[in-house]
1. How large is the charge dipole for segment B:107-191, taken about the Cα centre, if only the Cβ atoms of Lys, Arg (+1) and Asp, Glu (-1) carry charge, to the nearest 20 debye?
2. Within segment B:19-37, what residues put their amide N at less than 11 Å from the label point 7 Å along the Cα-to-Cβ vector of B:Asp138?
3. State, to one decimal in nm, how far the label point of A:Gln56 lies from the label point of B:Ile186, with both points 7 Å from Cα in the Cβ direction.
4. Using a Förster distance of 30 angstrom, determine the FRET efficiency expected from the C-beta separation of A:Lys12 and A:Glu113, and round it to 0.05.
5. What FRET efficiency, computed as 1/(1 + (r/R0)^6) with R0 = 35 Å and r the Cβ-Cβ distance, is obtained for B:Lys176 and A:Glu72, rounded to the nearest 0.05?
6. Work from the charge dipole of the protein assembly as shown (Cβ charges, +1 for Lys and Arg, -1 for Asp and Glu, about the Cα centre) and give the residue of B:Ser101, B:His30, A:Val62 farthest towards its positive end.
7. Working from the alpha-carbon coordinates of segment B:33-191, get Rg over Rh, Rh being the Kirkwood radius.
8. Using alpha carbon centroids, what distance separates segment B:130-168 and segment B:18-50, in Å?
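Each value in this text was obtained by applying a stated rule to the coordinates, not by laboratory testing. None of these values were measured; they are calculated from a predicted model. Don't worry about glycine lacking a Cβ; one is built from the backbone with ideal geometry, like all the others, and counts go over all protein chains shown.
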Amino acid sequence: MNIEELKKIREKVQKEMNLRSGEKPIKVVVGMGTCGIAAGARPVMAAIKEHLAQQQAENVSVVQSGCAGFCEQEPLVDVFRPGEKKVTYGKVSPDKARRIVAEHVIGGKPVSEFIFAQEP
Amino acid sequence: MRDLSMHVLDIVQNSLAAGSTEVEIRIHEHLPEDLLVLEVKDNGRGIPKEMLPRVTDPFITSRQTREVGLGLSLLKEAAERCSGGLEVYSEEGRGTTVVASFRHDHFDRAPLGDMGETLGVLIAANPDRDFLYEHRVDDRTYLLDTRQMRQILGSVGLEDPTVLDFVRRDIEMGLKKIGAASFPKILEVLK
């Protein structure tokens, strides 16, 4: 492990941290059960994290969950925005994930063509 | 599962579901013995004694929601199809260790895959847990330990995107340095 590079990261990020607020009201959940992993959930989660970082969206937490029982729809991604109903996207690829982040997580408008289920 | 790194991500999910705070992942490539050993060890709640002999049965799971649990059975199948095997050691309240062995150069041995992305995603999604990844190729070792990372990073959380990026790059370079093999040698030759 490259210790020197980690020290540089600490210095750089600590400077930026003073500008950030600690709140993360938006939540993105990636299904990471055996079915999700086999269907490609890992690159989807990596793409979501990377795209959020590129867009400097600091108010979003990205977490994982187990199998939701809709294995044929994996990778599944849930988006929770405060005051809005949960939206579940199915068969998400890294490209679709980047659009979901840009248009829904950050932009606030769900990407209707990728939606698998929506809270009634 | 396409490669070993995906099996690792999957097996570690069991550790996380069992409430582990520390998960150790070890991959040892013993080239003179033509052996690759993958070990995932956790300090979770462990597996009840009566369930232990049946954990690789795909129709056995600790979950209440449904009656299949494929992770361990898929890893067992992957190990056995290349003259290896799977063993699970567990003690209730102390933790579980899963050990899968593979013939290193077997034609059907799954490639290593992207261990950087597996560890990066695990750490980023579970910044409150600790992970250790040790990869040995004979006497050369690569080591990544989130406990050490925490000490150096101070107030910077492990979920920070720069940390995910660091983990991916560090593992990729570290594995290259120790000469970790992705594919079985026979496939490299055929390429």
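1. Computed charge dipole of segment B:107-191: roughly 280 debye.
2. Correct set: B:30-33.
3. So the label points at A:Gln56 and B:Ile186 sit 5.4 nm apart.
4. Details: r = 38 Å, r/R0 = 1.28.
That pair, A:Lys12 with A:Glu113, gives E of 0.20.
5. That gives a FRET efficiency of 0.40.
6. So the residue furthest toward the plus end is A:Val62.
7. Values: Rg = 17.5 Å, Rh = 17.6 Å.
Value, to two decimals: 0.99.
8. 18 Å
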